[in-house]
Structures are given as structure tokens and as C-alpha cells.
1. Among the aspartates and glutamates, select those whose C-alpha is under 19 Å from the C-alpha of Lys182, and discard any that sit fewer than 8 residues away in the same chain.
2. Under the classification rounded if a/c is under 1.5, otherwise prolate if a/b is larger than b/c and oblate if not, where does segment 182-235 fall, given a ≥ b ≥ c as square roots of the Cα gyration tensor eigenvalues?
3. Label-point separation (nm) for Arg99 and Thr79, each offset 7 Å from Cα along Cα-to-Cβ?
4. Accessible area of Arg100, 1.4 Å probe, to the nearest 10 Å²?
5. Mean Kyte-Doolittle of at least -0.5 and a Cα length of 27 Å or more along the axis: which whole DSSP H helices of the chain meet both?
6. Only helical DSSP H runs with n ≥ 4 go in: add -39500 (n - 2.57) per run for the chain, normalise by residue count and round the 222 nm mean residue ellipticity to 500 deg cm²/dmol.
7. Rank these residues by their accessible area, most exposed first, probe 1.4 Å: Ser51, Ser129.
8. How many percent of the accessible area of the chain is carbon or sulfur, using a 1.4 Å probe?
Amino acid sequence: MSTIDAIQRQTSGEDILDIFFGAIGGYGFERFIISGLPDRGQDVRPFVLLSGWPDEWYERYTSFGYVHLDPVARFCFSTTLPFEWSAATYDPSSDLPARRVMEEARDFGMNDGFSIPVHMEGGMQGIVSLVGSAHALDEHSRLELHMLALYAHGRLRYLNTAGDEHPRKRRAITRREAEVLKWAANGKTAGEIAVITGLSERTVNQHCVNAQAKLGTKNRTHTVVEAIRHKLITL
């Protein structure tokens, strides 16, 4: 949460770069990219929010449209959960473009990674992709990285659009929804929140679903992150 607070205070992508490098380094990751995912045929460069890739690899990847061949980027469209790159399977004997992208990435030392899909309102897709091994991550670390990645993506989108968001949407959730999300942000399960608040577990889950719909998110973690980012809840 201290890293999220630090990101919130920054006013440019350059300011966030060092903070994010420092944060992911604590989990064993070395490089990253934070980007939107364009539709087929579109240039990815206008969608890139922040790159911590080697310059040569970034230029090659973006110039040759590798985002449309990359199995990791493609896999983001089929899941809302973070995943290791090895989960983005493809047939190297028939999908030669995908094999080329992954082999060239390895030439730059990018053998393994951990990616967080970002599903935004209106069907827009995004990704935060970290370079390094995720094998040693426990569930708590994965959740922390999930929240950190979603928050950084949202903050960079905000900065890139000069804060052009709809205030009514930011203040849309109810007091009860905010209370439930605040406890979820502190790692409480629906059952634990039910005991704390005196609500039924079913009602707790419904409050989460309602807040998710209002904030245009796809899962509970993203809903919590957007609520924090828009200052609907404080921790």
C-alpha cells in the first residue's frame, strides 16, 4: 500500500518508472511493460503507458507489430487472472510467428514472466507484464502484485488522459459497498466480512458484484483497486 500511495502522488510516467522498478524488484522481477492491447492491425505504440523493457527489444516488438503475434498478449483476452507466461500455450510447430516472438524475447534475457490482464470499461483490454520467474511467488505475493499492477495501469491511464474521467462514476458506490470493499482490501474473505459487518455472506458478495458493475471492473481485486484509486475507500 505504501507503493500505491507513492504512485498516487506522482504526476508523470517518468516519476512512476523508478517506483515501479523498485517495487517489482522486491519480488524478483527485472523488467516490465504497462500497456493497452490494440485491436488487430492497430499500432501498439499509442497504447503503451510505460515501458521498462530494453530499448532495442521495445523498438523491435512495437515496430514489427509483435503484440498481434505474442501468445502472452493473446492470452490476456481469455482470462481475468494473473498468469505465468508458460500458461500462454501455443503450438511452436504450427504457430511460427508466436514462436519467433518468444525466441527473440529470450535473446534479450526475457525467458519467463508474470502477466496481469487488465479488463477496462467498454471492452478495452490491457496488460502489465513482468519479466522474471514467478515460481517462488506465494498467493499473498501474487495478490499484492495483482493490486499493484492494476493500480499502476489505472494511474497511468489517468495521467495520460489528463484526468478526463466521469466524477459521477467515481462516487457511484454506496456506503455499504465501500465498507465491504475496504475489508476486502485488507485481505478479508466474504465469510469474514459477513461476521465483521453482521451481513450475510450472500449480501457481502452482492455488494461486491454491485460495486464491480458500477466501476466497470471484471473481478473483486480490480474493483478494490479502482475504489482505492478514486478515493472511494481509504485504508
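The values are calculated or read from the model by the stated rules, or taken from the named source; none is laboratory data. Please read these numbers as outputs of a predicted model, since none were measured by experiment. When we count neighbours, we look across all protein chains shown, and the Cβ atoms used for this are built from the backbone with ideal geometry, even at glycine. The protein model used for the area step is the full one, side chains on, heavy atoms only, and it has no ligands, DNA or RNA in it. Shrake-Rupley method; radii C 1.70, N 1.55, O 1.52, S 1.80 Å.
1. Of all the aspartates and glutamates, those that pass the test against Lys182 - Cα under 19 Å, at least 8 places apart if same chain - are Asp5, Glu144, Glu192, Glu201, Glu226.
2. Values: a/c = 2.17, a/b = 1.43, b/c = 1.52.
Oblate, since a/c reaches 1.5 and b/c is not below a/b.
3. Distance between the two pseudo-spin positions: 2.3 nm.
4. About 100 Å², rounded to the nearest 10.
5. Numbers: long enough: 139-160 (31 Å, -0.41).
Within the chain the helices that satisfy the rule are 139-160.
6. Only helices count here, giving -15000 deg cm²/dmol.
7. Largest to smallest exposure gives the sequence Ser51, Ser129.
8. Its accessible area is 49 percent carbon and sulfur atoms.
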